[in-house]
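Quick note: the coordinates plus some simple rules give every number you see, no bench work behind them. Please read all numbers here as calculations on a predicted model, not as lab measurements. Neighbour counts are summed over all protein chains in view; Cβ atoms, including those assigned to glycine, are modelled from backbone coordinates with ideal geometry.
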Amino acid sequence: MAASLPSSSLSPSDVLDFDFSRGIIRSKSGMRFFLNSSEAWIIMKEKMFESFSSGAASILFGIGSFYGEKAVEAAKNTNTDVANPVLVIRAAKKFGLQSGWGNITPRFERDELIVMVTDCCFCHNMKKRDEAVCYEFSGIISGALGKIMLALPPSNSPSKSSTISVKERKCKVLGDSVCEFSSVLPRMLVNEMRFNA
Ligand SMILES: [Zn+2]
């Protein structure tokens, strides 16, 4: 499923508002941002792995999940039909490119969502490891899918409250050229998605 690329002629001020007198950066949807280097994030992440071992994965997943939920809320605020995967894919790609997270290319294979990320910022220049480490991205995908499910009728279905599992099956720290995530979508989500853009 193809997603059109946003214009490469965008400048930062088309995406963010900078108030240098107050030290405040906001997105056009009003979310506050701050600039940080990928290197600083990676150092923090490596410290988390050292201190919390496998607990770090769950913290990073939680951070990502929050971001994923917020991204879907922001998409809804710009009147994106979040039940339409074509529009969600387009919005996700644009968000990734404009946020410096890398080039996100999602696709559907039967009931599975596959998300490939080229130049992922969450494992940038990280040392080789024997497990994938981009738990933030897994969380982002899971949080976004959960929020999309809540937007679909019937909203009171108890099955919607469970966390959607996402597996990172390729990662640059494993020696792969890209990071890639897969999630088997719940049947109701697949049934209720509208694939006609
Ligand atoms: Zn990765």
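Counting lysine pairs in the range 54-147 that sit 8 or more residues apart in sequence, or on different chains, and whose Cα atoms lie under 18 Å apart gives 7. Under a cut-off of 15 Å between alpha-carbon atoms, report the aspartates and glutamates in cross-link reach of Lys47, not counting same-chain residues fewer than 8 places apart. In chain and number order, the partners are Glu39.
Taking a straight Cα-Cα cut-off under 13 Å and skipping sequence neighbours fewer than 8 places away in the same chain, the aspartates and glutamates within cross-link reach of Lys45 are Glu136. Normalising the average separation of contacting C-alpha pairs (under 8 angstrom, six or more residues apart) by the number of residues puts the relative contact order of the range 37-192 at 27 percent. Of all stretches in the chain that contain no chymotrypsin sites (Phe, Trp or Tyr not before Pro) in a DSSP loop with at most 12 other Cβ atoms within 10 Å, the longest one is 35-194. For the chain, the membrane-span-like helix rule (DSSP H, alpha carbon extent of at least 27 Å along the helix axis, mean Kyte-Doolittle at least -0.5) picks out 55-77; this says nothing about an actual membrane.
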